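Trainee: Got a structure for you, written out below as structure tokens; questions coming shortly.
The values are calculated or read from the model by the stated rules, or taken from the named source; none is laboratory data. What you see is a predicted model; the values in this text were computed from it and never measured. A quick note on method: Cβ atoms are made from the backbone with ideal geometry, for glycine too, and the neighbour counts reach across all protein chains shown.
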Amino acid sequence: GLPILGYLPFLDRHQPHLTLTKLSKTYGSIYGLGMGNIYAVVLSDHKLVRDAFAKEVFAGRAPLYLTHGIMHGNGIICAEGALWKDQRKQVSAWLKSFGMTKHSVSRDKLEKRIAVGVYELLENVEKATGSATDLTHMLTHSIGNVVNEIIFGFKFPPGDKTWHWFRQIQEEGCHEMGVAGIVNFLPFVRFFSSSTQKTIETLVRGQAQTHRLYASIVARRRKMLGLEMPKEAEYALHKNLFDEHPDGYIKCVKYSKHVSNTEEHFFDPNILIASDDECVLDNFLKEQKRRFENNDEAARFMTDEQLMYLLADMFGAGLDTTSVTLAWFLLYMALYPEEQELVRKEIISACPKDDDIDGSRLPYLMAAICETQRIRSIVPVGIPHGCLQDTYLGNYKIPKGAMVIPLQWAIHMDPDVWENPEEFKPSRFIAADGSLLKPQEFIPFQTGKRMCPGDELSRMLSCGLVARLFRRRRIRLASPAPSADQMQGTVGVTLAPPVVQYYCDAV
């Protein structure tokens, strides 16, 4: 690498995981390199990743500027230490109580909540019969409303302007986070690059707009629960938020690239469709009340500011990873119609009715989803961790403050583990007895102490949606098949597939 810059000039900005994978073939399954002012340790062996991430010393957040400068170490993804431990424990317990476990009565209830969202998708597909369809967009809307209900206890009505505005902000943020990548490693660049400054402004503005929307949703949910906000929990930035409109509505601003040209509308939280089922927000608000009333020392982890970041983390993780996984899955099903037929036949045979949908009885469907997550890792460089103290990993010394990268792309595309890794082959996840096989080398949700707590929800959403869709429809491309370059995907926060149109044929 070069002084100050390190290896950054040699990284493929659009496909950094490919550069890092190439280096792993030269330097081995663990190597270090300078990336601006950060020392990065890259792991491309699943055993090393599992060993490292099982240890407390590697449970820190990645030392990235955007993590500290924009997220302020709040939420759950960018938190560490006592805050992260507390919130992780709470979120995991809440999700399990909703039914995100292998077997429970509450799981059946959660399956029904998912089914309601799926039927919205099926209705939209029905209306588009015979026409080229943006199936991915429909899918994102339906999954989004399921996630909204589980996290916020509300969902948006069909065609709602604010929901569309909110999704645009989320998509813009994911894109700009990828564009702003160099600032993570060279924070001083923001002082010299006007385009980088605009990107950071876009991220900060989008975050503020998102938090304002969340605040109005939180206020309505509090009212439903008959709760008051503890004065000590108040978020200073939102102190006069509800004074913008006589009815307390929130102003939603859609910025264009030309700041002088903006669109505004007011959001009335009363148009949201409320759910009586348990949600993450309810649990947070009740725990917040309990801690502040009892003068619990841990009340400092339950402020409204922390709540805004937590909701954003959970919504983004719940929606983006699942929708991107399914977008890739549908594309591979259209490109490999023989595999689609195997999946469809299994669904029709094992689950003849919608009420019978059960992933444990659909090993080939689950194998096809696993193969999608392998061949196109949704987060190809993984979610990096931070090293909290000087330590060793095997015979290698890892310094405090190092960023540890679990290079999922290299692990999932290793030809020594996966025969012909560029071939889409779901059968590699099927055991000799026909059951679902989960090789140790397969880590789509990572592993260890910071492993994604919503992995079971993602599986339930994916299975429930695909099984019900494929029972009724065959999908095929309505646009030209993507080129080999397009099939490499576009890197942002996640690895997004090329945009295509589908025909959804009735069967």
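Trainee: Taking the condition of being surrounded by fewer than 24 Cβ atoms within 10 Å (Cβ to Cβ), in contact (Cβ under 8 Å) with a residue 12 or more places away in the chain and either in a helix (DSSP H, G or I) or more than 18 Å from the chain's Cα centre (by Cα) (or both), how many residues in the stretch 374-397 meet it?
Mentor: Result for the stretch 374-397: 8.
Listed here are the residues, each with its yes/no results for (1) under 29 Å from LEU83 (Cα atoms); (2) crowded, with 21+ Cβ neighbours inside 10 Å; (3) out of contact with any Cys (no Cβ under 6 Å at 6 or more places or on another chain); (4) at pLDDT 90 or above.
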| site | (1), (2), (3), (4) |
| --- | --- |
| ALA274 | no, no, yes, yes |
| ASP277 | yes, no, yes, no |
| VAL280 | yes, yes, yes, yes |
| ALA298 | yes, no, yes, yes |
| LEU310 | yes, yes, yes, yes |
| GLY318 | yes, yes, yes, no |
| LEU331 | no, yes, yes, yes |
| LEU335 | no, no, yes, yes |
| GLU339 | no, no, yes, yes |
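To keep it simple, each residue is scored yes or no on (1) part of a helix (DSSP H, G or I); (2) modelled with pLDDT of 90 or more; (3) touching a Lys or Arg at 6+ places or on another chain (Cβ under 9 Å); (4) at negative phi.
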| residue | (1), (2), (3), (4) |
| --- | --- |
| SER216 | yes, yes, no, yes |
| ALA219 | yes, yes, no, yes |
| MET224 | yes, yes, no, yes |
| GLU228 | no, yes, yes, yes |
| PHE242 | yes, no, no, yes |
| LYS251 | no, no, yes, yes |
| VAL259 | no, no, no, yes |
| GLU263 | no, no, yes, yes |
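Trainee: Also, quick follow-up: Of all residues in the stretch 398-440, how many are in a loop (DSSP other than H, G, I, E, B) and touching a Lys or Arg at 6+ places or on another chain (Cβ under 9 Å)?
Mentor: Looking only at that region, the number is 7.
Trainee: Counting just the residues of the stretch 109-135 that are part of a helix (DSSP H, G or I) and among the acidic types (Asp, Glu), which one comes out nearest to the chain's Cα centre (by Cα)?
Mentor: Going through the qualifying residues, I end up with GLU111.
Trainee: Kindly provide the set of residues from the stretch 137-169 that are among the charged types (D, E, K, R) and outside any helix (DSSP H, G or I), ordered by number.
Mentor: Passing the criteria: LYS155, ASP160.
Trainee: From MET403, MET413, MET460, MET487, which residue is surrounded by 21 or more Cβ atoms within 10 Å (Cβ to Cβ) and out of contact with any helix residue (DSSP H, G or I) (no Cβ under 8 Å at 6 or more places or on another chain)?
Mentor: After applying the criteria, what remains is MET403.
Trainee: Scan the stretch 283-295 and report the pairs whose first residue is in contact (Cβ under 8 Å) with a residue 40 or more places away in the chain and whose second residue is small (Gly, Ala, Ser) and crowded, with 18+ Cβ neighbours inside 10 Å, with Cβ atoms within less than 7 Å and a gap of 6+ or a chain change.
Mentor: If the second residue must be small (Gly, Ala, Ser) and crowded, with 18+ Cβ neighbours inside 10 Å, the pairs left are GLN288/ALA233; PHE292/ALA233; PHE292/ALA299.
Trainee: Go through (1) under 21 Å from the mean Cα position of the chain (by Cα); (2) part of a strand (DSSP E or B) and name the single condition ALA40 misses.
Mentor: (1)
Trainee: Can you pull out every residue in the stretch 54-84 that is of a type outside the set (Phe, Trp, Tyr) and assigned to a helix (DSSP H, G or I)?
Mentor: GLU56, VAL57, LEU66, THR67, HIS68, GLY69, GLY81, ALA82, LEU83
Trainee: Can I ask one more? What number of residues within the stretch 15-62 satisfy the criterion of being surrounded by fewer than 16 Cβ atoms within 10 Å (Cβ to Cβ) and of a type in the set (A, V, I, L, M, F, W, C)?
Mentor: Adding up the residues that qualify gives 1.
Trainee: Only one of PHE188, PHE166 is within 29 Å of VAL491 (Cα to Cα), surrounded by fewer than 17 Cβ atoms within 10 Å (Cβ to Cβ) and hydrophobic (A, V, I, L, M, F, W, C); which?
Mentor: PHE188
Trainee: Here is a further query. Are any residues in the stretch 342-363 surrounded by fewer than 20 Cβ atoms within 10 Å (Cβ to Cβ) and farther than 22 Å from TYR119 by Cα, and if so, which ones?
Mentor: Matches in the stretch 342-363: LEU342 only.
Trainee: Right, another one. Just one of ALA62, ALA40 is touching a Cys at 6+ places or on another chain (Cβ under 9 Å) and under 29 Å from GLY75 (Cα atoms); which is it?
Mentor: ALA62
Trainee: Also, I was wondering about something else. Can you name the number of the only condition in (1) among the acidic types (Asp, Glu); (2) more than 28 Å from GLY75 (Cα to Cα); (3) surrounded by 16 or more Cβ atoms within 10 Å (Cβ to Cβ) that ASP12 fails?
Mentor: Unmet for ASP12, out of (1) among the acidic types (Asp, Glu); (2) more than 28 Å from GLY75 (Cα to Cα); (3) surrounded by 16 or more Cβ atoms within 10 Å (Cβ to Cβ): (3).
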